[in-house]
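Participant: Below is one structure. I have some questions about it.
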Amino acid sequence: MEKILTIVRHKPGRFRFLLRALHSVYNQTSKEVKVAIYCMGAEQDLSKDEYSYINTIQEKYNLSLIPFNQDVSEIIKKSDCEYICFLDDDDTWAPEYLSRISSTLTATRLKYPSINAIACHSNKVVEVAERNRIIINTTSPWNHYLAVGPLSFDVIHYKNSLPISSCFFVKNSIFNIINKHNFSSPSFFWPFLIDYLSQNDLWILPEPLAFYHFRENTDFKYGNFTEINREECEIDYRLMINNMMRDSKNSTLLNTLLSNLTNSNMVYKLSNIENKLNERK
């Protein structure tokens with residue numbers, strides 16, 4: 001029986017990224033993994049190559065396709081896997097990612113039972129996608145300042161300090177939280193993580209086993225969605241946070257959200273001051 005359910009969030013039309021992401025999963029030293037592809041768009045938007053490839057490998061790798069807008073929390077709840085993790089289709093893992101992160105979480109929980117999730121360090125990979133090639137320009141540390149041990153609340157004041165593809169969860173700790181969030185939204189993960197951490201502890205594994213890929217392309221097909229649609233994503237994010245604050249009966253969550261907003265406002269003001277100083281030069 002597979003121990004780990006990996007849900008790959010795939011945007012139709014990005015076949016080369018999907019191939020790379022799935023290769024990253026199936027190249028893991030740990031083979032106790034079941035894969036589900038969540039289609040972030042209508043199934044008919046999949047290209048012929050994408051659809052044919054998914055159909056070909058479904059039986060071989062015990063892979064399933066989750067249609068757009070299907071309730072992901074129900075998929076997770078019905079899964080017989082013990083752990084859940086996510087991988088965006090343009091991100092990748094080191095071959096030992098699943099092995100190291102699952103064994104560390106299992107060992108850590110024996111001593112600290114409140115730890116229900118774990119995240120490793122990530123490296124940021126700057127690349128260019130053109131024609132049939134992906135050219136890597138630089139690879140650098142993304143969040144290596146995070147120290148080993150339980151994640152402190154002050155860290156989550158900084159949006160995206162933990163990429164979705166670096167986090168790994170105990171299944172039973174997640175499905176009653178994820179159903180309150182829009183999994184198909186590019187802005188899904190950070191509001192979800194804040195909500196999750198108001199009820200659970202997360203351990204940091206200081207090993208760079210996840211790779212957050214960032215493209216310098218500005219075109220819609222190959223660029224990073226959150227960068228190309230930055231204004232739309234920011235509006236979506238604010239609406240999610242506002243909704244969480246209205247509905248929250250959890251004082252820990254509410255205080256975290258307020259602190260997050262205060263910190264964001266401070267960063268915004270500092271950014272404006274910096275821009276004005278640069279204009280005077």
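Participant: Looking at region 1-27, which of the residues that are among the polar types (S, T, N, Q) and out of contact with any Pro (no Cβ under 6 Å at 6 or more places or on another chain) is surrounded by the fewest Cβ atoms within 10 Å (Cβ to Cβ)?
Facilitator: Ser24
Participant: Starting from region 173-184, keep only residues that are part of a helix (DSSP H, G or I), then list their pairs with residues that are small (Gly, Ala, Ser) whose Cβ atoms are within a distance under 7 Å, requiring at least 6 positions of separation or different chains.
Facilitator: Filtered contacts from region 173-184: Ser173/Ala117; Phe175/Ser73; Ile178/Ser73.
Participant: Related question: Read through the list (1) touching a helix residue (DSSP H, G or I) at 6+ places or on another chain (Cβ under 8 Å); (2) surrounded by fewer than 17 Cβ atoms within 10 Å (Cβ to Cβ); (3) closer than 28 Å to Arg16 by Cβ, then give the number of the only condition that His121 fails.
Facilitator: It is condition (2) that His121 fails.
Participant: Just checking, which of Leu151, Leu162, Leu193 is more than 16 Å from the chain's Cα centre (by Cα), crowded, with 21+ Cβ neighbours inside 10 Å and not aromatic (Phe, Trp, Tyr)?
Facilitator: Selected residue: Leu151, the only one of Leu151, Leu162, Leu193 that is more than 16 Å from the chain's Cα centre (by Cα), crowded, with 21+ Cβ neighbours inside 10 Å and not aromatic (Phe, Trp, Tyr).
Here is a yes/no grid of residues against (1) more than 17 Å from the chain's Cα centre (by Cα); (2) within 19 Å of Cys167 (Cβ to Cβ); (3) at pLDDT 80 or above:
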{"position": "Lys3", "(1), (2), (3)": "yes, yes, yes"}
{"position": "Thr6", "(1), (2), (3)": "no, yes, yes"}
{"position": "Arg9", "(1), (2), (3)": "no, yes, yes"}
{"position": "Leu19", "(1), (2), (3)": "yes, no, yes"}
{"position": "His23", "(1), (2), (3)": "yes, no, yes"}
{"position": "Ala42", "(1), (2), (3)": "yes, no, no"}
{"position": "Asp45", "(1), (2), (3)": "yes, no, no"}
{"position": "Asn55", "(1), (2), (3)": "yes, no, yes"}
{"position": "Tyr61", "(1), (2), (3)": "yes, no, no"}
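Participant: In region 1-54, which residues are part of a helix (DSSP H, G or I), closer than 22 Å to Ser73 by Cβ and free of Cβ contacts under 8 Å to residues at least 60 places away in the same chain?
Facilitator: Glu43
The values are calculated or read from the model by the stated rules, or taken from the named source; none is laboratory data. Please read all numbers here as calculations on a predicted model, not as lab measurements. Cβ atoms come from the backbone with ideal geometry, glycine included; neighbour counts cover every protein chain shown.
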